[in-house]
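Peer 1: Please find one structure pasted underneath; my questions will follow.
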Amino acid sequence: MMWHLFNLNAVDRGHSLLRGLCRNCIKDKLVACCGQSHAHRNKGSDMCWHVCRSLVIQTRCFSKPPWRILFFGTDDFAVESLKRLYTSREDRGDAVVESLEVVTMSNSVPVRKFADQHKLRAHDWPKVDFSRQFDVGVVVSFGCLLQESVINKFPHGILNVHPSLLPRWRGPAPVFHTILHGDKLTGVTIMQIRPSRFDVGPVLCQELFQVPENCSADKLGASLSVLGAELLIDTLKNLPERIANRKEQAKEGATFAPKISSSRSWLVWEEQTCDQIGRLFLAIGFRFPLRTIWMDRTVKLLDFVGKCNMPLTENQYATAPGSIHYDKESNTLLVCCKDGWVGFKTIKLKKRLSAADFFNGYLHQSLQKNSPFPNSCRFQSYRPQHFAKGQNTKPLLLNMTIH
């Protein structure tokens, strides 16, 4: 009788407590859970019945919200979900969070600062104190694979808020790649994580988001962080149902979103189109200024204004990729790329210069001495010797599909 009742009523928490134990060991485990001494473990089925009933009642209490949550995160994107979880504790009659603790990898990251400001208990990864029990984990922008032994400590597993429509853009930089590749539609996925690989777990729910025209990665990330936080709360409200109806990710259409570094900011005028340069600027420009080479010096190109039309009166000048023209009327530096001209308002050598200052202080003098073309000179595309040893010098232009 006891075993039938246990099988019918024990849910995820009971299974995690008793995983890997034989029947006799389970009996011992049940007695221990209720604080019984070793001497009382063989008093018969009545004792077992009361122990099991106690565990079943305990288990039922954790099959619906509010949940005891351990949150893993680092950056501003993660803070938005943490804020929403924090405020949920105070929702009268509809709280999804009973207790909330935080795990970070550094004392200086935004998630840790939020935890300290709001007096949330914080753990330093990987030294996490699991003496207190949790129902479910939440991972947002944590950047570290969690071992199976850690995942198994949570009866309902660990949820991940991922800013893409998985399986598209698995990896650490989905928002950057969404912009870089010109996706018109993106969204947020709530999934359960699995050990060994990032972003391959079953999907609990997804929400679509239309990418605004000329949207930068930082603005898109801010919008998706809010959407992700709301979707997380909605998922936690109906967690057992969402887990029961989870779906494995499709094998088709999976793409990888590797981390973006400053090496991607070098421009290749002969290969990149106006649209590609524009998307690159929107994807990484707020973090890594676009760069080129002029007279063996690194030039940072700031305040991108997009595709520009070369004035008709200037059409006789050089149009090779990298060619430069200063447009006095708009105070813009125009640069020729694969299929047209793009403009920049500000240049940085040792200091920031307007397009006019760069032309008058540097470009005009070099034109007088070195260039056969009036009002024209050239930026050079990146060269391998300008990169540190071992740095990836190939620009990220194409969609990388996982096979």
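Peer 1: Determine which member of the set 110, 163 is within 18 Å of the chain's Cα centre (by Cα), more than 27 Å from residue 255 (Cβ to Cβ) and not β-branched (Val, Ile, Thr). Give the steps one after another, and end with the answer.
Peer 2: Details: 163 fails: more than 27 Å from residue 255 (Cβ to Cβ).
Result: 110 is the single residue among 110, 163 that is within 18 Å of the chain's Cα centre (by Cα), more than 27 Å from residue 255 (Cβ to Cβ) and not β-branched (Val, Ile, Thr).
Peer 1: Among the residues of the range 194-219, write down those that are part of a loop (DSSP other than H, G, I, E, B), without any contact (Cβ under 8 Å) to a residue 40 or more places away in the chain and under 30 Å from residue 306 (Cα atoms).
Peer 2: 211, 212, 213
Peer 1: So, one more: In the range 65-119, what residues are acidic (Asp, Glu) and either modelled with pLDDT of 95 or more or in contact with a Pro (Cβ under 8 Å, 6 or more places away or on another chain) (or both)?
Peer 2: Initially, the range 65-119 is screened for residues acidic (Asp, Glu), giving 75-76, 80, 90-91, 94, 98, 101, 116.
75, 76, 80, 98, 101, 116 - these are the residues of the range 65-119 that are acidic (Asp, Glu) and either modelled with pLDDT of 95 or more or in contact with a Pro (Cβ under 8 Å, 6 or more places away or on another chain) (or both).
Peer 1: Could you grab the pairs with beta carbons closer than 7 Å, sequence gap of 6+ or different chains, first residue in the range 107-127 and part of a loop (DSSP other than H, G, I, E, B), second one surrounded by 13 or more Cβ atoms within 10 Å (Cβ to Cβ) and of a type in the set (S, T, N, Q)?
Peer 2: 109/74; 125/104
Peer 1: Just the residues that are farther than 15 Å from residue 162 by Cα and among the hydroxyl-bearing types (Ser, Thr, Tyr), please, taken from the range 195-247.
Peer 2: Listed by number, the residues that qualify are 196, 216.
Peer 1: Now a separate question. I'm trying to understand the selection: among the residues of the range 138-178, which are assigned to a helix (DSSP H, G or I), out of contact with any helix residue (DSSP H, G or I) (no Cβ under 6 Å at 6 or more places or on another chain) and in contact (Cβ under 8 Å) with a residue 40 or more places away in the chain?
Peer 2: 148, 151, 174, 177, 178
Peer 1: Right, here's the next one. Please enumerate the residues belonging to the range 207-222 that are in contact with a strand residue (DSSP E or B) (Cβ under 7 Å, 6 or more places away or on another chain) and buried (at least 17 other Cβ atoms within 10 Å of the Cβ).
Peer 2: Scanning the range 207-222 gives 209, 211.
Peer 1: Within the range 128-160, which residues are charged (D, E, K, R) and loosely packed, with under 14 Cβ neighbours inside 10 Å?
Peer 2: Result: 129, 132, 148.
Peer 1: What's the total number of residues in the range 179-193 that are among the acidic types (Asp, Glu) and either without any contact (Cβ under 8 Å) to a residue 24 or more places away in the chain or in contact with a Ser or Thr (Cβ under 8 Å, 6 or more places away or on another chain) (or both)?
Peer 2: Qualifying residue count for the region: 0.
Peer 1: Go through the range 161-174 and count every residue that is among the small types (Gly, Ala, Ser) and crowded, with 23+ Cβ neighbours inside 10 Å.
Peer 2: Result for the range 161-174: 1.
Peer 1: Also, I was wondering about something else. Name the single residue that is modelled with the lowest pLDDT among those in the range 313-330 being in contact with a Ser or Thr (Cβ under 7 Å, 6 or more places away or on another chain) and assigned to a loop (DSSP other than H, G, I, E, B). Give the steps one after another, and end with the answer.
Peer 2: Filtering the range 313-330 down to residues in contact with a Ser or Thr (Cβ under 7 Å, 6 or more places away or on another chain) leaves 317-318, 322-325.
Narrowing further to those that are assigned to a loop (DSSP other than H, G, I, E, B): 317-318, 322.
Details: 317: 58, 318: 65, 322: 94.
Checking each candidate, the answer is 317.
Peer 1: Taking the range 166-175 as the search range and keeping residues that are of a type outside the set (D, E, K, R) and in contact with a Phe, Trp or Tyr (Cβ under 9 Å, 6 or more places away or on another chain), which one is nearest to residue 259 (Cα to Cα)?
Peer 2: It comes out as 172.
The values are calculated or read from the model by the stated rules, or taken from the named source; none is laboratory data. Remember, predicted model here, so these are calculated numbers, not experimental data. Note that we place each Cβ from the backbone using ideal geometry, even for glycine, and neighbour counts take in every protein chain shown.
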